[in-house]
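Visitor: First, the structure itself, so that you have it in front of you.
Taken together, the values in this text are just the output of simple stated rules run on the coordinates, not laboratory data. Model, not experiment: these values are computed from the prediction. Here the Cβ positions follow ideal geometry from the backbone for every residue, glycine too, while neighbour counts run over all protein chains shown.
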Amino acid sequence: MHKNGVPPSAFTFSSVLSACGRLPAIQEDRDVVSWTAMVAGFAKAGLMKDARRVFDEMPERNVVSWTAMVAGYANSGEVSAAREIFDEMPEKNAVSWTAMIAGYGKCGDVRGARQVFDEICVPDPTSRAAMIACYAQNGFSNEAIEMYWEMRSLNVKANEVAMVGVISACMQLGDPVIANSIAKHMEGRPSELTLVSANALISMYAKCSSIDHALRLFDNMPEKDIISYTALITGLADHGRAQEALEFFDEMQKAGIMPNQITFVGVLNACSYVGMVDEGYAYFEQMTHTFGIIPLTEHYACMVDLLGRAGRLKEAHGLIESMPGAPDAGVWGALLGACKVHCNAELGEIAARHLFEIEPDNTGNYVLLSNIYASLNRWDEAERVRKMMRERGMSKSPGCSWISR
DNA sequence: GTAATAGAGC
C-alpha cells in the first residue's frame, strides 16, 4: 500500500521541477553527480519517463545513475525494463545486484531473482538480505531460512532486512522451534531491535510461540506504529482474546494512530471469534462511516464469518447479496464453512455453486459440500458430489490434489 | 543509488 503512494520527498522534488516549468534547461557544465541526482529523484518518485529522458540526455553516467534506473523500473513494476538497463550496465556493484534481485522479488519471479543472485561472484550481505526477503515475500520460507543459516555459518552478519525476512519466513512456517531459534539471535541484542523488526517479531510470536510473548515485546517497545498495533490486535483475535484486542484498538486511537483496512480485518475477526455480532456490525459501520474506509471483500468475508459462526446464515447470505461488488471465493468460502458447522445444505449448495465456478480446481469445496450432505445423512447427494469431483478429474486426498488432463 | 514488517473461509 505504502509503496504505491508517492513519498513526500518525491512531491517536493517534482513540485520544484514543475515550478521551474518542466525540465530545467540542460547545461553542459552540470557534472555527473547532479545529473545522477536528478535521475534518482525522478526514479524515486516513480516518474520513469522523466528519469529516462534525463538518463538518455546526460553526457556521462556512473554506476549510481545506472542503478537508480534499475531500481526505479523495478519499483514501478517494470522488471523487463529494469533488466534491460541492468544488462547494459558497463559495471555493476552490490547495490545494482540488490536492486535487480528486489525487482524480481516484487513481481514474484523468485527464479529470476535467484539467477541474478547466482551470477554474483561474492554476494555481499545486502544482496543476501534482498534474496532472503524475496524468498520470504513469495512464500519460500524454507529457502529463506536456509539462506539465513548459510549466512551465519559463513560468519556474515545479517542486517536488519535479512532479519526481518527470516522472521517473516518463520512466521509463515508456524514452527515454534525454528521461531525460537531465530528469536534468540534477536534477543541477544535488544538495542538493535528496530521498529520494523520488532513488528515482525510480534507477528511471529503471536503465530508461532505465544501471544503473551508478543504482548511483552509490544509493552517494551519505545515506539509503536500502526503495524505494531495491527499485528498485536490480529494475534489477540486469533487467540480468541477479543476483549484485549478491542482494548488495544482503543488504545491505538488514543495514541493518535488511525486504523486502516488491515486493522479492521483483525478487529472483525476478534468479534467473530467470540460471537460478538452486534459489536461486529458496529465496527463495520465505524470503519465505513467514521474512518471512510471502503470495505474490501475481505471485510465482507469477516462479516459473513461472524454471522455464519453465530448461526445467522440467512443474514450472512443476505449480506453477500447486498455487496456492491462481486463476492470472491473468500466470501463464499466463509459461508460454505459456516454451512458445514451448522449443517445447512441449502445455503451450502448456493455457496458451493459459486465456488465451483470461481475456483474449479479447489477440491476442498467439493469435500465440504459432500460432508454437509453426509452430516445430514443425505448419502446419495454426498456421493453425487464426490462423483462430480472424480468426473472433473480431481483427487479428494489433500496430499495429492493433482488435476488430470 | 539498494533491501524490510500487519490481512478472511475450508
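Visitor: Which of the aspartates and glutamates could be linked to A:Lys92 by a straight reach, that is with a Cα gap under 14 Å, when you skip same-chain ones fewer than 8 residues away?
Guide: A:Glu84, A:Glu119, A:Asp124
Visitor: Taking only the C-alpha atoms, wrap a convex hull around chain A and report its volume per residue in Å³ as a whole number.
Guide: 191 Å³
Visitor: If the elastic network links every pair of Cα atoms under 10 Å, which of A:Ser209, A:Ser76, A:Ser181 fluctuates the most in the Gaussian network model of chain A?
Guide: Result for chain A, Cα springs under 10 Å: A:Ser181 fluctuates most.
Visitor: Which ³J(HN,Hα) values, rounded to whole Hz and listed in residue order, are derived for the stretch A:361-377 from phi using the Karplus coefficients 6.51, -1.76 and 1.60 in 6.51 cos²θ - 1.76 cosθ + 1.60 with θ = phi - 60°, glycine and proline given as x?
Guide: 8, 7, 5, x, 5, 5, 4, 4, 4, 4, 5, 5, 4, 4, 5, 9, 6
Visitor: On to the next question. Taking +1 at the Cβ of each Lys and Arg and -1 at the Cβ of each Asp and Glu, which of A:Leu347, A:Thr297, A:Leu307 sits farthest along the dipole of chain A towards its positive end, judged by Cα position relative to the Cα centre?
Guide: Working it through, the farthest residue towards the positive pole turns out to be A:Leu347.
Visitor: Report, in deg cm²/dmol and to the nearest 500, the calculated mean residue ellipticity at 222 nm for chain A, where each DSSP H run with n ≥ 4 adds -39500 (n - 2.57) and the sum is divided by the residue count.
Guide: After summing the helix terms and dividing by residue count, I get -21500 deg cm²/dmol.
Visitor: Springs between alpha-carbon atoms under 10 Å, Gaussian network over chain A: tell me which of A:Ile227, A:Ile120, A:Ile202 tops the mean-square fluctuations.
Guide: So, out of A:Ile227, A:Ile120, A:Ile202, the one fluctuating most is A:Ile120.
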